[in-house]
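> Below are the structure tokens for one structure; questions will follow.
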Amino acid sequence: MIIPLDNKIFPIISEMVSEQSLPCYVIGGYVRDLLLQRPSKDIDIVVIGSGIDLAKSLARITGRKGKVTVYRNFGTAMLRYDDLEIEFVGARKESYQSDSRKPSVENGTLGDDQNRRDFTINAMAISLNKESYGELSDPFNGLDDLRNKIIRTPLDPDVTYSDDPLRMMRAIRFAAQLGFAIEERSLAAISHNKKRIEIISKERIIDELNKIVQAPRPSVGFYLLENTGLLDLIFPEFSRMKGVAVMDKKRHKDNFRHTLQVLDKLSEKTDNLWLRWAAIMHDIAKPVTRKYIEGHGWTFHGHEFVGAKMVPDVFRRLHLPLGTTMKYVQKLVLLHLRPIALVEEEVTDSAVRRLLFEAGDDIDDLMMLCEADITSKNDEKVKLYLGNFQLVRQKLREIEEKDAVRNFQPPVDGELIMKTFDIGPCREVGVIKNTIKEAILEGIIQNDYEQAYGLMMEKGKELGLKKVNGEW
Ligand code: ATP
Ligand code: MG
């Protein structure tokens, strides 16, 4: 079967390897994505010979000498060619020891190289040599598995996953990313080998987990992680959300299911990885705050505060970025009940102003999260909530126009307070600053210099402070 190759780089490689009589193929993810018509910018080339030499000659011929990176330890080289990343490697044969995912490697044939690939859909190669240009080599019927949307290992899945346990994460990631099913024997082998995930570095695990989070429907991946037992090993806080408790015939909803519904709903609206993480984390403290109160039912009082406190620990353990990214997720977890509380009580100007002040530029993301958080089966209820959220959004716009508190900077700052009363940094400065902030948020004064200055003077007097030129 001949596959049309679309990129202009392939005839150039073909010319070169044919001249040198080097058998050469494009292989793996690029071939899979080409057949699925998914755009892809990284190309893997396998050659029966030296990948490094081939990359260097290609760089010379195309005038891109400075664009080669050689990884001598791995025997590979990468060439940047316009927006493409082309990786060159000599065909290899691998054998594994049980304590490491790093195999011992020797030179091999194309067949050997295909044998070491993780899935049938990732083991296909297309010839770049002139006499067979475009011909598909598909020893494990990957094409059928692509058509039938199946993830299957070329060799015994027990061996494949045990050799390199990262493949368990990759299988689940591809299932979520492509909407494929994992073949039954493979799924059983993942459950069976789950403990082996312990030899994989946190960085590699989180890379795959983030790809699952970025899938069109991330829940597909998380259910697979949960059902195979991997989730409990890599992210136990999330796994712990599963289950329903019953008391006096009263049951609460399954928070794991609910969270995944929220995550999927949100993912229809946004590709923002960290907003998606906020959805994953928003109810994370429900299991630890759960209480049954007689005559009332189940409560999860304070789960937003406890949840926000859990965010740094979870991020650190999973090797997710700390800093502003983590703070963003933490803020959304902390505030996720506020818009709904606002709707349930009354949409007053001061409540909206406070929310806007606390959420800052993340207010739109927070509203998106809260809308996704409405997963009731009762259509009337959903309609009511969404309608009320429209009202909140409307109010947010009005207040923002009027008061500009989104990125609130007090019109009178600590410097001015200290200068005016000739004092150093002390408690009184804080008290005055806070009084001004509160007055603005409550709508007692407007967010401008003159009114804030007036209030500063008033409060200063009350605190027994003296103006510098001694007017009082
Ligand atoms: P993507 O680029 O979308 O992450 P990919 O399948 O191209 O997916 P890469 O990491 O780029 O993934 O790997 C390229 C190819 O190398 C794969 O298609 C597969 O053939 C092979 N491969 C990658 N990782 C493994 C592994 N852990 N075990 C076996 N083969 C692998
Ligand atoms: Mg790739």
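Throughout, read-outs are computed from the coordinates displayed, never taken from laboratory work. No experiment lies behind these values; they were computed from the predicted model shown. Positions of Cβ are backbone-derived with ideal geometry, glycine not excepted, and every protein chain shown enters the neighbour counts.
> Straight-line reach from Lys459: which lysines have a Cα under 27 Å away, not including same-chain ones fewer than 8 places off?
Within reach: Lys402, Lys419, Lys433, Lys437, Lys467.
> Can you work out the Karplus-derived ³J(HN,Hα) for every residue in region 171-186? Use 6.51 cos²θ - 1.76 cosθ + 1.60 with θ = phi - 60°, whole Hz, and x for glycine or proline.
Coupling constants for region 171-186: 4, 5, 4, 5, 4, 6, 5, 9, x, 9, 9, 8, 4, 4, 5, 5 Hz.
> Then there is this: From the phi of every residue in region 93-105, what ³J(HN,Hα) in whole Hz does the Karplus formula 6.51 cos²θ - 1.76 cosθ + 1.60 yield, where θ is phi - 60° and glycine or proline is x?
Using θ = phi - 60°, the values come out as 10, 10, 9, 10, 9, 6, 9, 8, 8, 9, x, 8, 10 Hz.
> Mind pulling the angle between the C-alpha long axis of helix 427-442 and the longest principal axis of the chain? Nearest 10 degrees, somewhere in 0 to 90.
For helix 427-442, the angle is close to 80 degrees.
> When a/c is below 1.5 the answer is rounded, else prolate if a/b is larger than b/c, else oblate, so apply that to region 104-232 with a ≥ b ≥ c taken from the square roots of the Cα gyration tensor eigenvalues.
Prolate shape, in that a/c is at least 1.5 and a/b is the bigger ratio.
> Wrap a convex hull around the Cα atoms of region 414-462, take a quarter of its surface area, and give that in square nanometres.
Approximately 3.1 nm², given one-decimal rounding.
> Still on this structure: Output the 0 to 90 degree angle, nearest 10, between the alpha-carbon long axis of helix 323-335 and the longest principal axis computed from the alpha carbons of the chain.
With rounding to tens, the tilt is 60 degrees.
> Further question on the same structure: Taking 0.36 nm per residue of sequence separation and subtracting the Cα-Cα distance, how much length would be gained by fully extending the chain between Glu94 and Arg290, in nm to one decimal?
65.5 nm
> Could I ask something else about it? Of Lys149/Lys195; Lys102/Lys202; Lys242/Lys331; Lys195/Lys265; Lys56/Lys211, which ones are farther than 22 Å apart at the Cα?
In this structure, Lys149/Lys195; Lys242/Lys331; Lys195/Lys265; Lys56/Lys211 lie more than 22 Å apart at Cα.
> Hey, can you grab everything whose amide H is under 5 Å from the amide H of Tyr81? Only 5+ residues off in sequence or another chain; H modelled, so Pro and N-termini drop out.
Answer set, sorted by chain and number: Ile86.
> Now, a different point. Quick one: Debye curve from the alpha-carbon atoms of region 20-173 only, equal weights, vacuum; give me log10 I(q)/I(0) at q = 0.11, 0.16, 0.21 Å⁻¹ to two decimals.
For region 20-173, the Cα-only Debye profile gives -0.44, -0.95, -1.49.
> Determine ³J(HN,Hα), in whole Hz, for all residues of region 12-24 in sequence, where each value follows from phi through the Karplus function 6.51 cos²θ - 1.76 cosθ + 1.60 and θ = phi - 60°; x replaces Gly and Pro.
Listing the rounded values in order: 5, 4, 4, 4, 5, 6, 5, 4, 8, 6, 9, x, 8 Hz.
> Taking the beta-carbon count within 10 Å as an exposure proxy, list Thr324, Thr69, Thr375 from fewest neighbours to most.
By the 10 Å Cβ count, ascending: Thr324, Thr69, Thr375.
> Mind checking the angle between helix 202-213 and the chain's longest principal axis? C-alpha axes, 0 to 90 degrees, to the nearest 10.
So the inclination is approximately 80 degrees.
> A further question follows. Collect residues whose amide H, placed 1.01 Å from N in the peptide plane, falls under 5 Å from the amide H of Thr76; neighbours closer than 5 in sequence don't count.
Tyr71
> Would you calculate the volume per residue, in Å³, of the smallest convex hull containing every Cα atom of region 178-241?
Per-residue hull volume (Cα only) is 86 Å³.
> Right, another one. Report, as a whole number in µm² per second, the diffusion coefficient that Stokes-Einstein gives for the chain at 20 °C and 1.002 mPa s using the Kirkwood radius over alpha carbon pairs.
Roughly 80 µm²/s, to the nearest whole number.
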